[in-house]
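The values are calculated or read from the model by the stated rules, or taken from the named source; none is laboratory data. This one's a predicted model, so the numbers in the text were calculated from it and none came from an experiment. Using ideal geometry, Cβ is built from the backbone for each residue, glycine included, and neighbour counts are taken over all protein chains shown.
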Amino acid sequence: MAPTATFLQTSPSVETPTGKLIERRSLVVGSLTTARDGSYQSLISDLATHGEEVEKHLLDRIVDNAASLTPLYFTSIYITLGSSDYTSLLPQLSSFLSILFSSLAPLGKLHALHVEENIVPKLSADLTASGYELLSSPDSLAILAQRPPAPSPAAVSLRLRRPLNPAKKSSKAAVWTLSSSTPSPGTIDASTLLTPEDRVRPIPTCEPPAADGGVIRRKRACKGCTCGLAELEAEEVSKSPVVVLDTHADNEGGTIREMSASDLEKLKVAAQNAGKATSSCGSCFLGDAFRCAGCPYLGLPAFEPGQKVVIDVGMDDI
């Protein structure tokens, strides 16, 4: 089969429907028949000579979905097949044209070359059914078709917000407007709102009584106390007397004496220096195993350094 002359556009770019110039990208679909007679290679060379980007595939790779084509990419597609190729393609012609249609850009053109006269009606009908617009006459042996331009988005009318009635708008604004004729109440001193009775600390009356039913047992301050109970407990502990039990006295049960203020200061200093001491005398807070025979804490449990040791005078064993 002799090669058929093909008229090519020499411009290296093409204008899109939006007026933008893009580079020409062509796809050439050939077969073994046109590859043997040289028309396939000749067409590729002519397109490359005019500066077009050319992608080439054989027919069977596209029909078998072995080649992946970029959607909306090519500005021109050229089909160069032999008469026997068109005849064997007829059962799959519709799907073949649909694949090419999806890869053709809007207003891109499809050139079907070397079409036999008996194939023209079938090819023209399938092109129209696949969405192409025929640009060549039905009796031409080189059919030219085009993909229609992309549809423009439909115009949608938007409902405009009606302007607010000026009278209604002014009435709504007046609700939040302070009248200048209204006298200002001035700044209120919060301390004047409390009476002397309000400043008196209330005495709790709902706390459970002690086991003997006499003294009311007050709740302990919780961790992170913010109501002032922790400060009250600390003040009571600091003011409570500290007594010492001497178990080595001659009388039975030992003697109990209250420590003076000077003795308390000495104990505080000894507790502060307990961490630096290396002898057993500086480790009284650790327990009886670290106390000497005359230690005043002998018999008492271990305590933290600096902790005040308080002995309840109401203990039954004293």
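Note on segment 28-139: enclosed helices (runs of 4 or more DSSP H) holding 2 or more residues that are of a type in the set (A, V, I, L, M, F, W, C), within 29 Å of Ala150 (Cβ to Cβ) and touching a residue at least 24 places away in the same chain (Cβ under 8 Å) are 39-49, 59-63, 93-103, 120-129.
Would you check if Ser84 is surrounded by fewer than 20 Cβ atoms within 10 Å (Cβ to Cβ), modelled with pLDDT of 90 or more and in the same structural domain as Glu52 (by TED's automatic domain parsing)? Steps first, please.
On the way: surrounded by fewer than 20 Cβ atoms within 10 Å (Cβ to Cβ): yes; modelled with pLDDT of 90 or more: no; in the same structural domain as Glu52 (by TED's automatic domain parsing): yes.
Here the answer is no, as Ser84 does not meet what is asked.
For segment 104-158, the candidate set comprises residues that are aliphatic (A, V, I, L, M) and exposed (fewer than 11 other Cβ atoms within 10 Å of the Cβ); within that set, the residue that is farthest from Pro71 (Cα to Cα) is Leu158.
Yes/no per residue for (1) on the phi > 0 side of the Ramachandran plot; (2) surrounded by 15 or more Cβ atoms within 10 Å (Cβ to Cβ); (3) modelled with pLDDT under 90:
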| position | (1), (2), (3) |
| --- | --- |
| Ala48 | no, no, yes |
| Glu53 | no, yes, yes |
| Lys56 | no, yes, yes |
| Ala66 | no, no, yes |
| Leu72 | yes, no, yes |
| Ile79 | no, yes, no |
